[in-house]
Ligand SMILES: C[S@@+](CC[C@H](N)C(=O)[O-])C[C@H]1O[C@@H](n2cnc3c(N)ncnc32)[C@H](O)[C@@H]1O
């Protein structure tokens, strides 16, 4: 007897639509196998078929969250795309300090959107801590759709194999060596608030000085990318900066963000 098909074209279409509507993540026939293998993994212990599971996630919001978590790609590392951090140090922070001089607040507000397990916001925090002269301060909101990642980021513990990329002097200054790895010290941890947030929705944040959303919108289609970028625009202060991944672009998008090319890296700014 022929083996029953695990995941038919009709199943794929149903799942694809639900995932897109709920998260903006866009599966295509080309990357269907990724969805299939993650779904198989998710269903392994549940002992139900894809159709029963689809009905479950259609009515159970908590299970839907867990499912969305399970299909995300969370690859990240400390100081990923070093060129962005060079541009932050040499161009963006000096510019912001000039621009904001004389303004009533002295706290720079930063959002790491799609922060995965925390390497990105911690990298930003360490560098900002080095760069800002008193009385300047900074605060970072780090958000993701993956609860597993947020828990791990909040814990701030990284195994030896994951700390490559952290300059040795930062490792010494901002981490404690603990059993099997390193733990972020409280003074850096306290600058970051980890928060569940789905980029499909408005985060409610306003007047941000910098947004990092790197290697996230690559998983969205054009329409979902355009609405996320529009929400970033609304969340950002006048004269602020946006970093997206180096394989991502706003080219051809209907947006007022200006492209900035420096000798270190390219990024975007909101200058009105
Ligand atoms: C590849 S990681 C990038 C991590 C980090 N920004 C970096 O560049 O190293 C992409 C992250 O985006 C998150 N993500 C995907 N869709 C999302 C959505 N709709 N809302 C919030 N986060 C999302 C995933 O859970 C994942 O952790």
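The values are calculated or read from the model by the stated rules, or taken from the named source; none is laboratory data. Note that the structure is predicted; figures quoted are calculated from it, not measured. Every residue, glycine among them, receives a Cβ derived from its backbone with ideal geometry; neighbour counts consider all protein chains shown.
Brief remarks follow.
- Residue 220 being closer than 22 Å to residue 269 by Cα, crowded, with 18+ Cβ neighbours inside 10 Å and touching a helix residue (DSSP H, G or I) at 6+ places or on another chain (Cβ under 8 Å): yes
- Of the residues making up segment 100-132, those that are at pLDDT 95 or above, assigned to a helix (DSSP H, G or I) and either within 16 Å of the ligand (Cβ to nearest atom) or farther than 26 Å from residue 216 by Cα (or both) are 119, 120, 121, 122, 123, 124, 125, 126, 127, 130, 131.
- Restricting 251, 259 to those that are assigned to a strand (DSSP E or B), in the same structural domain as residue 92 (by TED's automatic domain parsing), free of Cβ contacts under 8 Å to residues at least 24 places away in the same chain and more than 20 Å from the chain's Cα centre (by Cα) reduces the list to 259.
- Count of residues meeting criterion [at pLDDT 95 or above and farther than 30 Å from residue 103 by Cα] in segment 175-199: 11
- Among (1) within 16 Å of the ligand (Cβ to nearest atom); (2) within 17 Å of residue 219 (Cα to Cα); (3) loosely packed, with under 11 Cβ neighbours inside 10 Å, the one test that residue 61 misses: (2)
- Some residue of segment 150-163 being surrounded by 21 or more Cβ atoms within 10 Å (Cβ to Cβ) and under 12 Å from the mean Cα position of the chain (by Cα): yes
- Count - residues of segment 72-99 that are outside any helix (DSSP H, G or I), touching a strand residue (DSSP E or B) at 6+ places or on another chain (Cβ under 9 Å) and crowded, with 17+ Cβ neighbours inside 10 Å: 3
- Enumerated strands (runs of 3 or more DSSP E) restricted to segment 179-237, each holding at least 2 residues that are within 15 Å of the ligand (Cβ to nearest atom) and within 12 Å of the chain's Cα centre (by Cα): 192-196, 208-213
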